[in-house]
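The values are calculated or read from the model by the stated rules, or taken from the named source; none is laboratory data. The model shown is predicted, which means the values in this text are computed figures rather than measured ones. Positions of Cβ are generated from backbone atoms using ideal geometry, with glycine treated the same way; all protein chains shown enter the neighbour counts. Only protein heavy atoms, including side chains, enter the accessible area calculation; ligands, DNA and RNA are left aside. Shrake-Rupley method; radii C 1.70, N 1.55, O 1.52, S 1.80 Å.
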Number of protein chains: 2
Amino acid sequence: MSTEAHELSTAWLRVFLAVARLGSFTEAARTLGYTQSAVSRQIQALESALGEGALFDRLPRGVAPTERGRVLLPRAEAVLAQLEGVREDLTALREVSGGRLRVGAFPTAGAALVPRTVAAFQERHPDVELTVAEGLTGALLGRLDRGELDLAVVSSTGGAVPEAYALEKVVDEAMYAAVPAGHRLARRRRVRLAELADEPWVSGSTATERSLLHPAVREDFRPRVAYVAAEWIAKQGYVAAGLAVALIPALAADGVRPDIRLLAVHEEDIPPRAVYAATLRGRTPPAAAEAFIRLLRETGARFGRRLPRP
Amino acid sequence: MSTEAHELSTAWLRVFLAVARLGSFTEAARTLGYTQSAVSRQIQALESALGEGALFDRLPRGVAPTERGRVLLPRAEAVLAQLEGVREDLTALREVSGGRLRVGAFPTAGAALVPRTVAAFQERHPDVELTVAEGLTGALLGRLDRGELDLAVVSSTGGAVPEAYALEKVVDEAMYAAVPAGHRLARRRRVRLAELADEPWVSGSTATERSLLHPAVREDFRPRVAYVAAEWIAKQGYVAAGLAVALIPALAADGVRPDIRLLAVHEEDIPPRAVYAATLRGRTPPAAAEAFIRLLRETGARFGRRLPRP
DNA sequence: CTGCTGCCATGCGATTCTCGCATGGTCGGC
DNA sequence: GCCGACCATGCGAGAATCGCATGGCAGCAG
């Protein structure tokens with residue numbers, strides 16, 4: 001007879017409550033799907049685990065809680081309620097309600113992809129505290145490493161990504177050529193870059209290595225960068241004025257002014273820029289992050305090789 | 001692989017907390033006195049009981065809680081705190097702090113026995129809410145039966161007590177003869193009732209059957225009740241005036257006026273009146289009741305066959 | 001690049017727990 | 001005085017849990 005408190009089981013408490021409520025071992029057993037002997041022993045075990053003194057008086061007709069039993073009653077309910085709370089919390093987590101999510105994204109993603117995804121996310125999971133920070137891919141990964149972010153939206157332009165991160169492709173971003181409304185190709189829907197090889201270009205940098213044009217350079221396409229403008233709003237100005245054409249990633253193609261036409265560039269001319277959602281490899285990402293990534297892909301699908309404004 | 005939630009053990013949670021705090025199965029095992037394998041399996045069991053999703057990420061150097069783990073953390077602490085609360089409550093109960101105690105007592109006990117016991121009890125257990133009700137033995141037992149009282153202080157005068165009650169003798173109450181200060185026996189400390197057989201008596205009733213004198217009646221003691229007075233204060237008046245003598249139970253002998261003398265009556269002349277503490281048979285009495293009974297006996301010892309004022 | 005080390009997972013046998021079944025004891029009622 | 005309701009308990013089967021030993025994996029030093 002080990003009078004020592006091995007460790008009290010929550011099953012004990014559930015049985016205890018049933019017995020207290022029903023006033024009978026037999027009835028509690030029937031309700032709980034046990035035999036009467038099992039209930040008897042469970043109560044015995046609980047009584048011995050709790051130390052001296054019975055929890056129920058065994059009367060000729062059923063049982064009645066002793067003072068100890070009456071004291072235990074609200075506590076047992078509280079414990080079980082907490083246990084129920086555990087399940088609720090975890091369910092809420094699975095259903096992505098509550099908690100926080102810290103997202104980082106590269107600048108272009110801030111044009112449409114991330115804002116739209118955020119909007120959809122907020123609608124579905126209004127309880128999640130969501131923050132978004134902008135930064136370049138390298139910086140974002142560093143913040144991920146230091147635990148400052150839960151999720152980073154990065155592009156493949158930054159070169160090789162260390163193995164420490166788990167990447168999930170969100171979208172293969174299509175590229176568009178932007179031409180003025182009166183351009184000779186303005187009525188086309190698709191072009192080859194070779195057709196624009198002789199046009200003056202506006203780009204983010206004179207050095208093509210640092211611009212979107214870089215992966216497109218080939219034998220038959222060596223663009224002449226006549227104007228330099230980093231911001232898309234400025235590029236639009238040059239293009240709309242008929243001074244130049246520009247290469248625009250689909251993610252930035254939203255809200256283009258009406259006097260500009262976007263032409264889908266043939267896939268072979270420029271590889272799609274991949275956008276990834278990065279988390280720390282080996283660490284289970286927050287459930288909210290999973291949900292955010294799903295929405296990212298959903299939103300991102302609209303930017304993959306399709307003209308936003310036909 | 002039973003993915004079903006058998007019932008989560010509190011041991012799970014304790015192990016979980018240790019692992020979360022120490023960041024390592026091995027270290028937690030060492031701290032808790034388990035082997036590493038046991039900890040590993042406990043966490044596995046907890047994870048499977050809680051359903052999909054791990055609680056810890058297994059890293060090359062130790063483990064780190066996942067989001068699920070971080071959510072579980074405060075809940076687990078709460079559950080264990082409640083469990084600790086159970087033990088504290090029960091310990092407090094054993095040490096008689098808190099809770100309530102409802103006592104009933106027959107009128108004479110209210111003269112000194114109960115008030116003194118109450119005072120001692122309040123001093124020792126100030127947290128217990130104590131109430132005292134007065135009533136005759138029969139009524140008190142009825143209220144005990146109906147759960148209106150936890151404890152009844154009753155005397156043996158009421159005849160047989162049903163078996164439904166557990167009686168614990170508190171004191172065998174001595175009887176005194178009260179005589180005026182100038183009485184011929186006033187200097188004695190003990191008397192035989194036969195010596196007072198010819199005196200006029202004052203009693204609570206003309207019918208000796210209903211008075212304290214009843215059990216004392218014998219061949220050589222047939223008292224003549226000259227005066228009837230129910231209250232002890234009135235009896236004192238007759239005695240002090242030298243009109244009569246009276247029989248006084250020790251419990252009522254406190255605070256006797258100075259012109260009256262109390263003489264111990266020989267034990268053979270009148271059987272001591274027993275005072276009992278009654279609880280419901282078969283029901284575990286409240287811990288406070290046990291403590292109260294102990295103090296009753298302590299206090300009552302002063303009224304057994306001893307003159308309170310020598 | 002190879003062996004070492006630290007850490008978690010897992011197969012195995014022994015122990016303990018817990019269950020259901022059947023039985024015994026006690027009390028109240030017809 | 002027998003019967004029925006109810007709780008306690010001996011017994012054997014099955015499940016859970018433990019420790020021990022081993023395996024797998026990642027990082028690190030030589």
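One table, with the values for the structure above:
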read-out: Selection within segment B:73-99 - in contact with a Ser or Thr (Cβ under 9 Å, 6 or more places away or on another chain) and at the interface with another protein chain (Cβ under 7 Å from one of its Cβ atoms); value: B:79, B:83
read-out: Leading residue by the ranking (farthest from DNA strand D (Cβ to nearest atom)) among those in segment B:32-79 that are β-branched (Val, Ile, Thr) and surrounded by 15 or more Cβ atoms within 10 Å (Cβ to Cβ); value: B:71
read-out: Top-ranked residue of segment A:6-24 - restricted to ones that are within 11 Å of DNA strand C (Cβ to nearest atom) and open to solvent by less than 50 Å² (accessible area, probe 1.4 Å), ranked as modelled with the lowest pLDDT; value: A:8
read-out: Selected residue (only one of B:231, B:219, B:209 is among the acidic types (Asp, Glu) and at pLDDT below 80); value: B:209
read-out: Residue tally, condition among the aliphatic types (A, V, I, L, M) and part of a helix (DSSP H, G or I), over segment A:189-221; value: 4
read-out: Test: residue B:29 is away from DNA strand D (no atom under 11 Å from the Cβ), open to solvent by less than 60 Å² (accessible area, probe 1.4 Å), more than 11 Å from every other protein chain (Cβ to nearest Cβ) and touching a helix residue (DSSP H, G or I) at 6+ places or on another chain (Cβ under 7 Å); value: no
read-out: Any hit, segment A:263-280, residues being open to solvent by 20 Å² or more (accessible area, probe 1.4 Å), farther than 23 Å from residue A:181 by Cβ and within 14 Å of chain B (Cβ to nearest Cβ); value: yes
read-out: Any chance residue B:11 is touching a residue at least 24 places away in the same chain (Cβ under 8 Å) and near DNA strand D (Cβ under 9 Å from one of its atoms); value: yes
read-out: Flag if residue A:59 is touching a Gly at 6+ places or on another chain (Cβ under 7 Å) and either free of Cβ contacts under 8 Å to residues at least 40 places away in the same chain or more than 22 Å from residue B:86 (Cβ to Cβ) (or both); value: yes
read-out: From A:219, A:199, residue being surrounded by fewer than 21 Cβ atoms within 10 Å (Cβ to Cβ), without any contact (Cβ under 8 Å) to a residue 12 or more places away in the chain and more than 30 Å from residue A:299 (Cα to Cα); value: A:219
read-out: Residue among A:14, A:58 that alone is more than 50 Å from the chain's Cα centre (by Cα) and within 11 Å of another protein chain (Cβ to nearest Cβ); value: A:58
read-out: Inter-residue pairs, beta-carbon under 9 Å, first under 19 Å from residue A:290 (Cβ atoms) and aromatic (Phe, Trp, Tyr) and in segment A:163-179, second within 16 Å of DNA strand D (Cβ to nearest atom) and open to solvent by 20 Å² or more (accessible area, probe 1.4 Å), 6+ apart; value: A:165/A:145; A:165/A:280; A:165/A:281
read-out: Members of segment B:87-139 found to be among the acidic types (Asp, Glu) and open to solvent by less than 60 Å² (accessible area, probe 1.4 Å), listed by number; value: B:89
